[in-house]
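The values are calculated or read from the model by the stated rules, or taken from the named source; none is laboratory data. Predicted model, so just to flag it, every value in this text is computed and none were measured. Note: ideal-geometry Cβ built from the backbone for every residue, glycine included; neighbour counts use all protein chains shown. Areas reflect the complete protein model, heavy atoms only, side chains present, ligands, DNA and RNA absent. Shrake-Rupley method; radii C 1.70, N 1.55, O 1.52, S 1.80 Å.
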Amino acid sequence: MRYLYTFVMYLATPLIVLRLMIRGARYGNYHRRWPERFGLFQPPQFSGSLWVHAVSVGEVNAAEPLIKALRRDYPNAPLVVTTVTPTGSARVHQLFGDSVFHVYLPYDLPFAVHRFLKRVRPRLALIVETEIWPNLYFACRRRGIPLMIVNARLSERSMRGYRPLRSLVRSALRTVRQIAAQSRTDAARYRLLGADPAQLVVSGNLKFDMPVPDGAVDKGAALRVQWGPRRPVWIAASTHEGEELAVLEAHLDVLRRLPDALLLIAPRHPERFKLVEHSARSLGFTVATRSVEQVPGAHQVFVIDAMGQLMPFYAAADLAFVGGSLVPIGGHNVLEPAALARPVLVGPHTFNFEEITLTLIREGGANRVEHVDQLGHAVLDLLRDERQRERMGRQARRVFDSERGAVGRVMELVDRVLEE
């Protein structure tokens, strides 16, 4: 099965190169770095690195407290952080600058994996959330590099996707030293996928240990002073194609009852920034953007066309709708608004953050909107009920606080593996 998998990967290489060319055209200088996806980059002058792999922005954000803990506890160990997406790369540089060595993860081709490992020479590999690449995993075992999956999660959809390769995935998972799962459900799914129960431990979600950025609350308060402290403000964060129009239409419903209300909308992907701005203008809204106006005045819609800028805007909003949930993307991080004691709204599709979302809903920190037509009504109800917002915000923050400690539990595992 592994030989067949590798053969198919080689057959797909021309399509991979074509995809890199298209992505290079979309993301500016990305084309200059596509050789990294084949293990071609200037080798850093170090060995014995600690390597953390985080696919994109969400995983980088989740890994932030862990990477900071690694820097604190192992100050002499070089840190390597890999991503797959340009937005993930940008987030790494935004958070850590030159204090870590960033490179794109190679495709799961044996020669590319060999080049990558030969150059970064890791002492330990930490894979964040769900990335099972058989050739990479087997190469780590051959080189004696202990590999851990941390903050491990596995949705029902992902588990079904791995089933055609179940025997190969099972063999790959058996090369892993430790799987630190977010929840009991995730651990059970890894077990069904073939992981040995002895490998599994439930450590909790690293995102609960996410620090609120310095100054985020103060910046949010300053924004509210500029907008007007009593002005109703809601944010739709990490939105996707197929739900942005629903968000704008919901805001039309809100404005009929609260004519001075302000919508902050943050598309998940940079290529949608302009599209969302144009859509809002075409519906008749007065629109401001983060890149031009910085702060909206009498505008009705403010497009946050910048990455990694959400926390001050969560702090400035009365409530948050977290996107990727009205369409079957699986939802995004509901913990950021919860950390700031903001009530949360989500759509029906939250399988990427299933247990966290269900806990927030059960404890009264979040509400689920079952259909796009209900979003405007749900937002309006909360904007008009300050007591309910405060109650939900307190419960959201309580859930966030009660689940903290995953970083400490993962670092205990890391210490144990490195001592061995």
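Miscellaneous remarks
- Measuring only protein heavy atoms, the 1.4 Å probe finds ARG2 accessible over about 90 Å².
- The residues TRP34, TRP227, sorted by heavy-atom accessible surface at 1.4 Å with ligands and nucleic acids left out, run TRP34, TRP227 from largest to smallest.
- For the residues LEU136, LEU283, LEU206, a GNM of the chain with alpha-carbon springs under 10 Å puts the largest fluctuation on LEU283.
- Gain in span if fully extended, VAL292 to HIS349, counting 0.36 nm per residue against the direct Cα distance: 17.2 nm
- Charge dipole (the chain, unit charges on Cβ, about Cα centre) - positive-most of LEU105, VAL55, GLY331: LEU105
- Taking the 1.4 Å solvent-accessible surface of the chain as the whole, the part contributed by carbon and sulfur is 52%.
- Model label zone, GLN374; criterion: amide N under 20 Å from point 7 Å along Cα-to-beta-carbon; scope the stretch 318-337: 319-332, 334
- Summed side-chain charge close to ASN367 - residues other than ASN367 whose Cβ falls under 13 Å, Lys, Arg +1, Asp, Glu -1: +1
- Share of alpha-carbon pairs per 5 Å distance bin for the stretch 1-129, given as whole %: 2, 10, 19, 22, 20, 14, 7, 3, 1
- The equivalent ellipsoid of the stretch 174-227 has semi-axes of 41, 11, 7 Å, largest first, where each one is the square root of 5 times an eigenvalue of the Cα gyration tensor.
- Dipole magnitude of the stretch 102-239, debye to nearest 20 (Cβ charges: Lys/Arg +1, Asp/Glu -1, about Cα centre): 400
- Full extension of the segment from GLU241 to PHE7, taken as 0.36 nm per residue of separation minus the current Cα-Cα distance, would add 80.8 nm.
- Taking the stretch 176-194 and a reference point 7 angstrom along Cα→Cβ of ARG143, the backbone N atoms nearer than 16 Å belong to 176-177.
- Rounded to the nearest 20, the Cβ-based charge dipole of the stretch 206-293 about its Cα centre (Lys and Arg +1, Asp and Glu -1) stands at 260 debye.
- Theoretical ellipticity at 222 nm over the chain - DSSP helices of four or more residues, -39500 (n - 2.57) apiece, nearest 500: -14000 deg cm²/dmol
- Loop-resident sites, the stretch 209-246, for trypsin sites (Lys or Arg not before Pro), counting at most 16 other Cβ within 10 Å (DSSP): ARG230
- Mean-position separation - Cα centroids, the stretch 381-420 and the stretch 249-318, in angstrom: 28
- Difference of contour (0.36 nm per residue) and Cα-Cα distance, GLN94 to PHE111: 3.0 nm
- Distance (nanometres) between label positions extended 7 Å along Cα→Cβ at LYS274 and GLU386: 4.3
- Spacing of the two label points (7 Å from each Cα toward its C-beta) at ALA188 and MET21, in nm: 4.8
- Projected-area average for the stretch 110-209 over all orientations - Cα convex hull basis, square nanometres: 6.5
- A 1.4 Å probe run over the protein chains yields, for the chain, 43 Å² of accessible area per residue, whole-number rounding.
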